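Inspection log for the structure reproduced underneath, given as structure tokens.
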Amino acid sequence: MPVVKIDKKYLNSLIKVKLDDEHLKDQISKLGLEVEELSKDHVDIELSAARPDLLSPVGIARALRYFMHKSSKFHYGLDGKTPEMSISVSESVNKVRPYIAGAVVKGVKLDDVSLAQLMSFSDKFCDTFGRRRKKIAIGIHDLESIRSKELSYSLSKDRKFRALNYSKEESFSHLLKTNKKGIDYGESIENGLSGYPVLEDSEGVLALIPIINSERTKVTKATKSLFVDVTGNSEYAVEKSMAMLSAMFSDMGAKVYPVASVYKDSKKINPAMESRYISIELDMIYNSLGVRFDYRAAISLANKMGYEAAAVGKKIRFSVPEYRIDVINEQDIIEDMAVAYGYDYIQPVGLPNYNPGSLESTTTRNRSVEELMAGMGFMQEMNSYLSSEPVNYGNMGIKQPKGEAVTVSNSVNASISMIRTWLLPSLMNNLSKSQHERMPHRLFELDMAFRVASGKVSEHYHLAAVISDPKANLNDIKAVIEELMYANRIKYTVSKSTHGSFIEGRCGEIKVGGKSIGFFGELHPEVLSSFSIDEPVSAFEIDMEELGIY
Amino acid sequence: MHNYEIRILHLLEKAGSADLAELEERSKLGRDQVLWALNGLFGKGFVKLNYNERSKAALTAEGKAYAEKGLPESRLLRRISDSGVKTDSLRSNEERIGLQWLMKKRLASVDNGMVKISSAGISALKNEFPEEQLLKRISGGRHGSVNPSEKELLDSLKKRGLVDIEGVRELEKAEITEDGIRASKSSDEGKDEIGNLDREMLAKMSWKGKRFSEYDLSAKVERNYAAKKHILKQTIDRIKDIYLSMGFQEISGPAVEPAFWVFDSLFMPQDHPARDKQDSFMVNNPKELEIADKEYVRQIKEAHEKSWRYSWDIDKARQSVLRTHTTSVSSRFIHQAVTRILANEDENLKLPIKMFSIGRLFRNENIDYRHLADFYQHDGIIIGKDLTMANLFDTLINIYAKLGIGLKFKPAYFPFVEPGAEFYGYSDVTDEWVELGGSGIMRSEVTGIARNRISVLAWGAGIERVLLMSKRNGIKSIAELYNNGIGFARETKVL
């Protein structure tokens, strides 16, 4: 989850209440956020993925003010009704990035700190909620450098423009290949690209969307008015994000005016600042939290989380603030009530036991087999399920049967490409790491092995054991199988077999009821050498699901 | 003189001198007893002891890692060989260690913010570093013996904390002195004393009327290694028994799943960052897996499209993945249980139903000697009417109390629960609260039924971490528990 570094002085100026360090940290953590570090000048906060409105210092300050009952402004409107500007949206963007919303913001006061925090918020928001700008991207321009009231948003052919912080003009294609943001975010528009999404005024390109703005409309400390755009592939997310930005600029002391987006068949005015209402019965809150509130307490807790609330019949009606993109339904509000109340104050309440507990039959079976193996002097090993073709097959002297293994396509580790199909390679690795330990080495593992057959995965418990000492031979391991079978009263037969991992003539197949369930034998010297094992090894492995013990 | 001392002294009087193996064999005493007797005789001035001294080296965890992948400085040297690298780009701990050593060994220098290779560095590149050769030999060697000529190199590895060196003194030969010969002649071993009792003595009762020679109870003996269950398996079994005692029924489910059960059914939108290919292993054989319940698929599609406003894609849900949490098992079960409850609402099923599962999960992360890509999780669910956060906290507090761990809860976000809570346990190893797992009340979008009819409490938490919470267990990292030689298992504590 993202961590934001916030200038403490700036945050305090937004909260407008004097808080000492301890108090600040305490309030932030009560909101459900984590203070990573608190220094003289900065507070580093680990943010929640769930609340994009808390990605900015402005949003955090707003939430803290509610939490301390210092704010009772629950609604955000606009400062004008008629659109100040309009964006005509060409159908050509439909396949790439169909939606755009704009807003005009006047009377902003920016300094080095607030400008940096604004830009860093925008990046964090587009990276997280905006899914690396694929879903949402924000553009912020100096309004006074825009030459016309009518803008256009369309797909353009490759052209040149002077991008932000560039001294000369570069082509769109060049920027996508060489600019850091072009490289990082280019893929969000490159899919089947037949042109470049561009926002323009009468003079030319304002932005290559969602990559980079123009140098002409660069925002600086001196900027007084802004043009803000939000683009994306979900109309809902675009409009909600715009509403959230609008509330943020209002809280920064600026005035926000609407902009029209003119599509082929419709016209949308943004920011759309309409409150949603969700009503919840008090009983439902009690039945979720186990804490009973009366109307007054419930309303006060709601206010603490920034909801305006009122009692309506048996219900509480919550007004969901415009910037709370994350609230889907009443379940989200109930969580906020729990946060406002404080998890520490929820008293644990026990539940009755109506049904008896039970273990799976594989658990009880495995426990008895483990006891038996330990009783025969075998130490239990636990190994990773993840493996690779060389370990699972090559080192064991066998060819990989086509399509047998569950394989993965995107491992970040060269040593992982599949899940193991058997346990013996893992135990050989254990022996290899035991070379300097006192003999004898008797090891077993009872755990899962995975195979694919006709498009389905079988996940079976296997039992494998190895004996390594200067005199280890086939009969030592056969004696173990004999005891395992006798203790479980299982009749089995063995027949001569060949297996790439074992010495020819020293390998047997184990059958129960005529069905092959495993094998045993003396490991081939080539296999021992590929694991750097210096002493002879005998081993067996059986498929527990075929064994018939329950 | 003790009987053993007399016996050894007599042997030496005959032989003049002998090594340990000879004395063991002829005296019929154990090695520890012979050594004890020789020490006593040495103290009295009756024997001279000649020792053979050597060093025995063993790799530390860091040493093992370097033996496998090479020293940080040699890896760094290979990287800078052509063009040099910027010092700012060297951020990781290992890169910084590497740079320090390159400077120290004068194999590279820093100039104008760039690390540049020196002429000594270029020639060092031609061969494996001598330290690496030694590390490999120690790691491959059976006893880790080291030649005296390598002492200096070995000391430098020890200073870097890559090897532990133990001086070993072995007795080569014991020789009798003049005083010893005199003492031997004038002493007589108690002829009537019995050493090892045997079958013949018992049968003939020849032990009657004789004295049993005494053992030295302080003699050092070697441990009799026990074969045992793995410490992690012991922990898993303990947790299963705790659930059992609290009326939970054990369930399990597949590790290879269609993304549907791991993500979609748990209300994670298809563009959710946790589904990013970087975090999850994508399976390419079999590439897709079927989702049997068409009606439930329809419900989930509708919930996603209504709440997240996007077009839900069944193909993305069929993609097979290695589960990134065992909550997929809970999710399958909740769906089955809710269907069953709805089918006979005449209270045949007694609520609450309590379930748990324990299994492996997989994360596509870089592995090293501290980090693994698969480990265990336990997952619990309670299905009932009007289940509250107060019930959830009570259940978790009880489970962990039986493991000796106190809990506290904090608000947290998981897409499939609301309200959500993380729980933390107090670790006496780090003296701080450590995150153990996540919990909450399942969203109705997951259960497919309104919360005022059926509610579901759910949680999931790592298992290995339980072992890391207390100093007594002596476990330092999760990865330490897996892929070990027999030595690790012999050294683990039993729970």
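General observations
- Qualifying residue in the range B:434-443 (condition: modelled with pLDDT under 95 and surrounded by fewer than 23 Cβ atoms within 10 Å (Cβ to Cβ)): yes
- A:I140 being aliphatic (A, V, I, L, M) and within 20 Å of A:S156 (Cα to Cα): no
- Of all residues making up the range B:407-443, the number that are touching a Lys or Arg at 6+ places or on another chain (Cβ under 6 Å) and either charged (D, E, K, R) or at the interface with chain A (Cβ under 10 Å from one of its Cβ atoms) (or both): 3
- Only a single item in (1) crowded, with 18+ Cβ neighbours inside 10 Å; (2) farther than 12 Å from A:Y153 by Cβ; (3) within 33 Å of the chain's Cα centre (by Cα) is not met by A:S194, and it is number (1).
- Being more than 10 Å from chain A (Cβ to nearest Cβ), part of a helix (DSSP H, G or I) and surrounded by fewer than 23 Cβ atoms within 10 Å (Cβ to Cβ) is true of B:R332.
- Members of the range B:40-65 that are over 19 Å from B:K14 (Cα atoms) and either free of Cβ contacts under 8 Å to residues at least 12 places away in the same chain or of a type in the set (F, W, Y) (or both): B:G43, B:Y51
Conditions (1) crowded, with 21+ Cβ neighbours inside 10 Å; (2) of a type in the set (A, V, I, L, M, F, W, C); (3) within 13 Å of chain B (Cβ to nearest Cβ), marked per residue:
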site	(1), (2), (3)
A:S39	no, no, no
A:H42	no, no, no
A:A49	no, yes, yes
A:V58	yes, yes, no
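Rundown of residues vs (1) surrounded by fewer than 16 Cβ atoms within 10 Å (Cβ to Cβ); (2) touching a helix residue (DSSP H, G or I) at 6+ places or on another chain (Cβ under 7 Å); (3) not assigned by TED's automatic domain parsing to the domain that holds B:S187, yes/no style:
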position	(1), (2), (3)
B:L9	no, yes, no
B:S17	yes, no, no
B:Q33	no, yes, no
B:N39	yes, no, no
B:F42	yes, no, no
B:A67	no, yes, yes
B:P72	no, yes, yes
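Every residue, every condition in (1) among the small types (G, A, S); (2) modelled with pLDDT of 95 or more; (3) under 30 Å from A:S275 (Cα atoms), yes or no:
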residue: A:A302; (1), (2), (3): yes, yes, yes
residue: A:I316; (1), (2), (3): no, yes, yes
residue: A:P321; (1), (2), (3): no, no, yes
residue: A:M337; (1), (2), (3): no, yes, yes
residue: A:P348; (1), (2), (3): no, yes, no
residue: A:R367; (1), (2), (3): no, yes, no
residue: A:E381; (1), (2), (3): no, yes, no
residue: A:L386; (1), (2), (3): no, yes, no
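- Of residues in the range B:366-403 being more than 7 Å from chain A (Cβ to nearest Cβ) and without any contact (Cβ under 8 Å) to a residue 60 or more places away in the chain, the one surrounded by the most Cβ atoms within 10 Å (Cβ to Cβ): B:Y400
- Considering A:P425, A:P390, the condition of being part of a helix (DSSP H, G or I) and buried (at least 20 other Cβ atoms within 10 Å of the Cβ) is satisfied by A:P425 alone.
- Criterion: in a helix (DSSP H, G or I), within 14 Å of chain A (Cβ to nearest Cβ) and touching a Ser or Thr at 6+ places or on another chain (Cβ under 8 Å) - qualifying residue of B:L232, B:L244, B:L154: B:L244
- Identity of the residue in the range A:428-440, modelled with pLDDT of 95 or more and at the interface with chain B (Cβ under 7 Å from one of its Cβ atoms), that ends up surrounded by the most Cβ atoms within 10 Å (Cβ to Cβ): A:N430
- Selection of the range B:37-60 for residues being at pLDDT 80 or above, closer than 15 Å to B:V168 by Cβ and within 31 Å of the chain's Cα centre (by Cα) yields only B:A58.
- Matching residues, the range B:459-495, being among the β-branched types (V, I, T) and farther than 17 Å from B:L396 by Cα: B:I475, B:I478, B:I486, B:T492, B:V494
- Of all the numbered requirements in (1) more than 27 Å from B:D279 (Cα to Cα); (2) outside any loop (DSSP other than H, G, I, E, B), A:Q400 misses one, and that requirement is (2).
- Any hit, the range A:78-90, residues being farther than 18 Å from A:I15 by Cα, in the same structural domain as A:F125 (by TED's automatic domain parsing), more than 33 Å from the chain's Cα centre (by Cα) and assigned to a helix (DSSP H, G or I): no
- Qualifying residue in the range A:326-342 (condition: part of a helix (DSSP H, G or I), more than 8 Å from chain B (Cβ to nearest Cβ) and surrounded by fewer than 17 Cβ atoms within 10 Å (Cβ to Cβ)): no
- Selection count where residues are within 13 Å of chain A (Cβ to nearest Cβ) and surrounded by fewer than 16 Cβ atoms within 10 Å (Cβ to Cβ), scope the range B:303-317: 5
- Boolean, B:I300 is over 23 Å from A:T363 (Cβ atoms) and in a helix (DSSP H, G or I): yes
- Of everything in the range B:278-297 that is without any contact (Cβ under 8 Å) to a residue 60 or more places away in the chain and out of contact with any strand residue (DSSP E or B) (no Cβ under 9 Å at 6 or more places or on another chain), the residue that is farthest from the other protein chains (Cβ to nearest Cβ) is B:E295.
- Residue in the range A:11-32 that is farthest from the other protein chains (Cβ to nearest Cβ), counting only those that are surrounded by fewer than 20 Cβ atoms within 10 Å (Cβ to Cβ) and farther than 18 Å from A:S71 by Cβ: A:D20
- Out of A:L206, A:L155, A:L199, one residue alone is more than 30 Å from A:E274 (Cα to Cα), touching a strand residue (DSSP E or B) at 6+ places or on another chain (Cβ under 7 Å) and surrounded by 15 or more Cβ atoms within 10 Å (Cβ to Cβ). It is A:L155.
- Scanning the range A:166-182 for residues that are more than 33 Å from the chain's Cα centre (by Cα) and either outside any loop (DSSP other than H, G, I, E, B) or of a type outside the set (F, W, Y) (or both) yields A:S167, A:K168, A:E169, A:E170, A:S171.
- Checking each residue in the range A:253-308 for being among the hydroxyl-bearing types (S, T, Y), without any contact (Cβ under 8 Å) to a residue 12 or more places away in the chain and surrounded by 15 or more Cβ atoms within 10 Å (Cβ to Cβ) picks out only A:Y286.
- Residue in the range A:452-461 that is among the hydrophobic types (A, V, I, L, M, F, W, C) and either away from chain B (no Cβ under 14 Å) or surrounded by fewer than 17 Cβ atoms within 10 Å (Cβ to Cβ) (or both) present: yes
- Residue count for the range B:247-277, restricted to those that are over 23 Å from A:R365 (Cβ atoms), more than 8 Å from chain A (Cβ to nearest Cβ) and either part of a strand (DSSP E or B) or touching a residue at least 12 places away in the same chain (Cβ under 8 Å) (or both): 17
The values are calculated or read from the model by the stated rules, or taken from the named source; none is laboratory data. Just so it is clear, the model here is predicted, and its values are computed rather than measured. A quick note on method: Cβ atoms are made from the backbone with ideal geometry, for glycine too, and the neighbour counts reach across all protein chains shown.
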